[in-house]
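The values are calculated or read from the model by the stated rules, or taken from the named source; none is laboratory data. Keep in mind it's a predicted model, so treat the numbers as computed, not measured. Note that each Cβ is placed from the backbone with ideal geometry, even for glycine, and that neighbours are counted across all protein chains shown. We work out accessible area using only protein heavy atoms, side chains counted, and drop any ligands, DNA or RNA first. Shrake-Rupley method; radii C 1.70, N 1.55, O 1.52, S 1.80 Å.
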Amino acid sequence: AAFAAHAASAQSYPTRPVTMIVPFAAGGPTDVIARIVTEHMSRTLGQQVIIENVGGAGGTVGITRASQAKPDGYTIMMGHMGTHGAAPALYPNLKYDPAKSFAPIGLAAGTPILIVTKKDFPASDLKGFVEYLKTNGAKLNEANAGVGSVSHTTCSLLQSLTQAKFTRVAYRGTGPALNDLVAGQVDFGCDQIVNLVPQIQAGTIKAIAIATPERSPSLPDVPTTKEGGLPEFQVSAWNAIFAPKDTSPEVVKALAGALDKALDDDNVKKRLHELGGTIPDKQGRTPEALQKLVESEVARWTPILKAAGAVAN
Ligand code: MLT
C-alpha cells in the first residue's frame with residue numbers, strides 16, 4: 001500500500017508550485033538562465049517553478065539551504081561550476097558535498113567567461129589590460145559574487161596566471177556587480193557571457209577578451225584570450241539543476257524531462273544563444289552526465305585553487 005501511495009503521488013508530481021533556489025541576487029547570469037529554462041519547464045510540469053534568490057558566500061548559502069530541503073521535489077536549485085566545482089577547495093567547512101548531497105537533474109547551459117572593464121578603463125585590449133593590471137593592480141577593484149562564485153574563481157585563475165595583485169570586491173551576485181561596473185565604481189571583472197552581452201553591445205562596459213578557443217557568435221568583435229596573448233586563460237562555466245539527495249527517481253525523471261524539453265524549445269535556445277550561452281547536447285544534459293561533470297570539476301578546480309591560494313581578501 002505504501003509503495004502504491006508513493007508511486008501514485010510521484011505520478012501526479014508536481015501537484016503544487018516548485019521552488020527553485022538561485023544562490024545569487026536576481027539579474028545575474030545564474031538567475032537569467034534559471035528564469036529562461038524554468039519558464040518553459042513550468043509549462044511541461046503544469047505547475048509554476050518559482051525562483052527564490054538566496055545570496056551569500058559565493059552561492060554556498062543558497063545551495064546549503066537547498067541541500068537540506070525535503071527531497072519531495074518541491075525545492076530544487078540552480079548550481080554551477082562555482083558552487084558544485086570550486087567551493088570545496090575554498091570552504092573547508094562546506095556543509096554539503098557537491099558529489100554526494102544532491103540528486104543531479106541536468107545541465108542547463110554552458111557559459112563562456114569574459115574579462116570586462118568599466119567603460120573608461122585605461123586599456124582596451126588584453127595585452128594592455130594585463131600590463132596595466134600588473135603595474136597598477138594595487139589601485140584596482142575587481143567585482144565578483146563572493147568566494148566560490150564563478151566570477152571569483154575565474155578571476156582567481158587570472159590572478160595566478162598574471163601574478164597581479166588587486167582588491168577583490170564581493171557582491172551578492174554579478175547582477176549588482178555589473179551595475180557598479182557600468183557606473184564605474186569598480187574597475188573590472190571575470191563574468192559569464194549571459195550577463196554581459198546587452199551591456200557590451202550597448203557600450204556601457206568594455207569587453208577585453210573571451211576565454212574560449214573561438215570567438216562567440218553573439219560577440220564576434222571580442223577577441224579570444226589566445227588572440228590576445230594569454231592562451232592559458234581558457235575557462236568556461238556551466239549552470240545546472242540539482243535536487244536534494246534521496247529525491248525519488250520518478251521526480252528526478254519528471255524534472256529532467258521538463259529540462260530536456262525546455263532545451264529543445266526553439267525560443268529557449270534562441271534566448272540562451274543570443275546571450276552567448278551554449279546548449280548541452282542530449283547526452284550532455286542527463287542526470288548521469290551531470291554527476292560525472294561535478295566529480296570531474298571538483299577534481300579539476302581543487303588543485304588550481306589551492307595553488308592559487310584563492311581565499312577571501
Ligand atoms: C557567479 O558565480 O559569479 C554567479 O553566477 C554570479 C551570478 O549569477 O550572480
Quiz item: Looking at segment 266-287, is at least one residue surrounded by 22 or more Cβ atoms within 10 Å (Cβ to Cβ) and touching an Asp or Glu at 6+ places or on another chain (Cβ under 7 Å)?
Solution: yes
Quiz item: Of the numbered conditions (1) modelled with pLDDT of 95 or more; (2) within 19 Å of the chain's Cα centre (by Cα), Leu305 satisfies every one except a single condition; which is it?
Solution: (1)
Quiz item: Which of (1) more than 12 Å from the ligand (Cβ to nearest atom); (2) in contact with a Pro (Cβ under 6 Å, 6 or more places away or on another chain); (3) not hydrophobic (A, V, I, L, M, F, W, C) does His84 not meet, given it meets every other one?
Solution: (1)
Self-check item: Cβ-Cβ under 6 Å pairs, at least 6 apart or on other chains, segment 106-125 side of a type in the set (Asp, Glu), far side open to solvent by 30 Å² or more (accessible area, probe 1.4 Å)
Solution: none
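Filter segment 58-77 down to residues that are out of contact with any strand residue (DSSP E or B) (no Cβ under 9 Å at 6 or more places or on another chain) and within 15 Å of the ligand (Cβ to nearest atom), then give me how many there are.
Within segment 58-77, residues that are out of contact with any strand residue (DSSP E or B) (no Cβ under 9 Å at 6 or more places or on another chain) and within 15 Å of the ligand (Cβ to nearest atom) number 2.
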Quiz prompt | Number of the condition not met by Ser160 [criteria: (1) more than 16 Å from the ligand (Cβ to nearest atom); (2) modelled with pLDDT of 95 or more] | solution = (2)
Quiz prompt | Count - residues of segment 43-75 that are over 21 Å from the mean Cα position of the chain (by Cα) and in a helix (DSSP H, G or I) | solution = 3
Quiz prompt | Odd one out for Thr83 among (1) polar (S, T, N, Q); (2) open to solvent by 10 Å² or more (accessible area, probe 1.4 Å); (3) within 17 Å of Ile21 (Cα to Cα) | solution = (2)
Quiz item: Among strands (runs of 3 or more DSSP E) lying entirely in segment 95-210, which contain 3 or more residues that are open to solvent by 10 Å² or more (accessible area, probe 1.4 Å) and not small (Gly, Ala, Ser)?
Solution: 102-118, 167-170
Quiz item: Which residue pairs have Cβ atoms closer than 6 Å, lie 6 or more positions apart in sequence or on different chains, and pair a first residue in segment 132-157 that is closer than 24 Å to Asp120 by Cβ and near the ligand (Cβ under 8 Å from one of its atoms) with a second residue that is among the hydroxyl-bearing types (Ser, Thr, Tyr) and at pLDDT 95 or above?
Solution: Asn144/Ser151; Ala145/Ser151; Ala145/Tyr171; Ala145/Thr174; Ser151/Thr174
Exercise. Could you tell me whether any residue of segment 268-278 is free of Cβ contacts under 8 Å to residues at least 12 places away in the same chain and closer than 16 Å to Met41 by Cβ?
Key: yes
Quiz item: Within segment 227-240, which residues are in contact with a Ser or Thr (Cβ under 9 Å, 6 or more places away or on another chain) and either of a type outside the set (A, V, I, L, M) or under 18 Å from Arg65 (Cβ atoms) (or both)?
Solution: Pro231, Glu232, Phe233, Gln234, Ser236, Trp238, Asn239
Practice problem: Looking only at segment 239-248, decide whether some residue is open to solvent by 40 Å² or more (accessible area, probe 1.4 Å) and free of Cβ contacts under 8 Å to residues at least 24 places away in the same chain. | Solution: no
